[in-house]
Amino acid sequence: MRFGVSTFVTDEGIGPAELGRALEERGFGSLYVAEHTHIPVKRESRWPGGADLPRWYYRTLDPLVTLTAAAVATERLEVGTGIALVVQRDPIVLAKEIASLDLVSGGRAVLGVGAGWNREEMRNHGTDPRTRMRLLAERVRAIKTLWTQEEAEFHGEFVDFDPVHLYPKPVQDPHPPVLVGGAGPTTFDRVLEFGDGWMPIYGRGAGDLAVQIAELRERAGRRVPVTVFGVPAEAAVVAELEAAGADQALFNLKTLPEDGTLRELDELAGLL
C-alpha cells in the first residue's frame, strides 16, 4: 500500500513548495489538496464533517496553483486534487489545467473529483445543486474527450462544443487517473460510469470498507484502485486499510505553519 497526505494548503500554513519537498524527503508518495473557491457568508448547507466549518476551509489556496508549486519542487511526488469541485469549473479550462500540470510534473497528476456539499457556493457559480451529479458526470466525460481526441467534440445536456484542438495533451496514457470521491448510495455508479478509481473519506459514510471495496470490484469486474482520504495517523487504521485491499492511504495532515507541519510529518513518517 502506498502512502501520502491529504490537506488544506492555506495562506496561514506551510507553503506548497516547502510541503512538497518535505513530503518527498520523508518518503511520502503523494500530496492531495482540497478546493473551495470561496465560502458564502450566509450558509445553510451543513458541513458533513460536523457543526462548525473549520477556519482552513475559508483560506485554502487554488489547488492547481498549489499542486504546480509542489510538483516543480519535487521529482517523484504524485500531485492530486482531493477533490476538485468540477461542478464549479469550466471543463475546457480544467482539462487544460490538469493536462498542463501533468506535463510540467512529468506525468504525476491525478484528478480527484466530486460534486461538493456547499449549495450556496455552487449557486454563486451558476450551478443548480439539484442537477449537480448529472453535471459532474458530463463535465468529466467532456474532459476525458478533450484529453484523448485530437479534434474533440462533445454534445450533452450541459456541455456542448463542436470539434476543437486542446493542448497540451497529458503525459500519462491515456490520461491522468480520475478518482471519484464520496460514499453515497450512487457513488459506485459514478465510479463505473466515468471514474478510474474510488476515493472515499475514511470514517465518513463508507461503512465496512473491506465489504465496499469488494463490492465495487465485483461490480466492475476488475481491480478498481482505491485511495482512502483523510486517514487518521494510527497503525491499526493502516492495517485495517491494507487488509481491506486499499491501494493508497492519505493521512490527514493538519494545516499548520512550517515548523508545526514538519513535526507532524516526522510523526506520520513513522507509520510508513
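Pull out all pairs, ordered by first then second residue, where Cβ-Cβ is under 9 Å, the residues are six or more apart or on different chains, the first lies in the stretch 43-71 and is farther than 24 Å from LEU101 by Cα and in contact (Cβ under 8 Å) with a residue 40 or more places away in the chain, and the second is assigned to a helix (DSSP H, G or I) and among the charged types (D, E, K, R).
Pairs that qualify, where the first residue is farther than 24 Å from LEU101 by Cα and in contact (Cβ under 8 Å) with a residue 40 or more places away in the chain and the partner is assigned to a helix (DSSP H, G or I) and among the charged types (D, E, K, R), are ARG43/ARG119; ARG43/GLU120; ARG43/GLU121; GLU44/ARG119; GLU44/GLU120; SER45/ARG119; SER45/GLU120; SER45/GLU121.
Among the listed residues ASP62, ASP102, which satisfies the condition of being over 18 Å from THR227 (Cβ atoms) and under 15 Å from the mean Cα position of the chain (by Cα)?
After applying the criteria, what remains is ASP62.
Does the stretch 148-190 hold any residues that are assigned to a strand (DSSP E or B) and not hydrophobic (A, V, I, L, M, F, W, C), and which are they?
GLU153, HIS155, ASP160, ASP162, PRO163, GLY181
Could you tell me which of the residues LEU136, LEU111, LEU94 is at pLDDT 95 or above, in a strand (DSSP E or B) and either under 23 Å from SER6 (Cβ atoms) or touching a Gly at 6+ places or on another chain (Cβ under 7 Å) (or both)?
Numbers: LEU136 fails: in a strand (DSSP E or B); LEU94 fails: in a strand (DSSP E or B).
Within the list LEU136, LEU111, LEU94, the selection yields LEU111.
Matching residues to (1) in contact with a strand residue (DSSP E or B) (Cβ under 7 Å, 6 or more places away or on another chain); (2) crowded, with 23+ Cβ neighbours inside 10 Å; (3) within 29 Å of ASP162 (Cβ to Cβ):
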| position | (1), (2), (3) |
| --- | --- |
| ILE83 | yes, yes, no |
| VAL86 | yes, yes, yes |
| ASN118 | no, yes, no |
| ARG139 | no, yes, yes |
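So the check is Cβ under 8 Å with 6+ separation or different chains; which pairs have a first residue in the stretch 168-180 that's in contact (Cβ under 8 Å) with a residue 12 or more places away in the chain and surrounded by fewer than 21 Cβ atoms within 10 Å (Cβ to Cβ) and a second one that's of a type in the set (Val, Ile, Thr) and in a strand (DSSP E or B)?
Partner pairs satisfying both residue conditions: PRO177/VAL110.
Could you say which residue among ARG123, ARG204, ARG132 is surrounded by 15 or more Cβ atoms within 10 Å (Cβ to Cβ) and either in contact with a strand residue (DSSP E or B) (Cβ under 8 Å, 6 or more places away or on another chain) or at negative phi (or both)?
ARG132
ASN118 passes all but one of (1) without any contact (Cβ under 8 Å) to a residue 60 or more places away in the chain; (2) under 18 Å from the mean Cα position of the chain (by Cα); which number fails?
Result: ASN118 passes all but (1).
Considering only the stretch 141-150, I want to know if a residue exists there that is touching a Pro at 6+ places or on another chain (Cβ under 6 Å), surrounded by 13 or more Cβ atoms within 10 Å (Cβ to Cβ) and of a type in the set (S, T, N, Q).
Yes, that holds for at least one residue.
What tally of residues in the stretch 11-22 results from selecting those that are under 21 Å from ALA84 (Cα atoms) and either basic (Lys, Arg) or crowded, with 17+ Cβ neighbours inside 10 Å (or both)?
Residues that pass the stated criteria total 6.
Any chance the stretch 119-130 includes a residue that's touching a His at 6+ places or on another chain (Cβ under 8 Å) and part of a helix (DSSP H, G or I)?
Taking every residue of the stretch 119-130 in turn, at least one turns out to be touching a His at 6+ places or on another chain (Cβ under 8 Å) and part of a helix (DSSP H, G or I).
Within the stretch 30-44, take every residue that is surrounded by 13 or more Cβ atoms within 10 Å (Cβ to Cβ), modelled with pLDDT of 95 or more and more than 12 Å from ALA84 (Cα to Cα) and give me the one that is nearest to the chain's Cα centre (by Cα).
Going through the stretch 30-44, the residues surrounded by 13 or more Cβ atoms within 10 Å (Cβ to Cβ) turn out to be 30-40, 43.
Checking which are modelled with pLDDT of 95 or more leaves us with 30-40.
Those still in the list that are more than 12 Å from ALA84 (Cα to Cα) too: 30-31, 38-40.
Numbers: SER30: 11, LEU31: 10, HIS38: 17, ILE39: 19, PRO40: 22 Å.
Of everything passing the filter in the stretch 30-44, LEU31 is nearest to the chain's Cα centre (by Cα).
Of all residues in the stretch 219-247 being among the β-branched types (Val, Ile, Thr) and either outside any helix (DSSP H, G or I) or free of Cβ contacts under 8 Å to residues at least 60 places away in the same chain (or both), which is surrounded by the fewest Cβ atoms within 10 Å (Cβ to Cβ)?
Taking the candidates together, the pick is VAL237.
Taking the stretch 69-81 only, how many residues are touching a strand residue (DSSP E or B) at 6+ places or on another chain (Cβ under 9 Å), assigned to a loop (DSSP other than H, G, I, E, B) and of a type in the set (A, V, I, L, M, F, W, C)? I'd like the intermediate steps shown before the answer.
Restricting attention to the stretch 69-81, the residues satisfying the condition of being touching a strand residue (DSSP E or B) at 6+ places or on another chain (Cβ under 9 Å) are 70-71, 74, 77-81.
Filter once more, so that each one left must be assigned to a loop (DSSP other than H, G, I, E, B): 74, 77.
Remaining after also requiring of a type in the set (A, V, I, L, M, F, W, C): 77.
Summing the residues that are touching a strand residue (DSSP E or B) at 6+ places or on another chain (Cβ under 9 Å), assigned to a loop (DSSP other than H, G, I, E, B) and of a type in the set (A, V, I, L, M, F, W, C) in the stretch 69-81 gives 1.
If a residue must be outside any loop (DSSP other than H, G, I, E, B) and either exposed (fewer than 13 other Cβ atoms within 10 Å of the Cβ) or aliphatic (A, V, I, L, M) (or both), how many such residues does the stretch 46-57 contain?
First, the residues of the stretch 46-57 that are outside any loop (DSSP other than H, G, I, E, B): 56-57.
Adding the requirement that they be either exposed (fewer than 13 other Cβ atoms within 10 Å of the Cβ) or aliphatic (A, V, I, L, M) (or both) leaves none.
Going through the stretch 46-57 one residue at a time, the tally reaches 0.
The values are calculated or read from the model by the stated rules, or taken from the named source; none is laboratory data. All values reported here derive from a predicted model rather than from experimental measurement. Cβ sites come from the backbone with ideal geometry, for glycine too, and all protein chains shown count toward neighbours.
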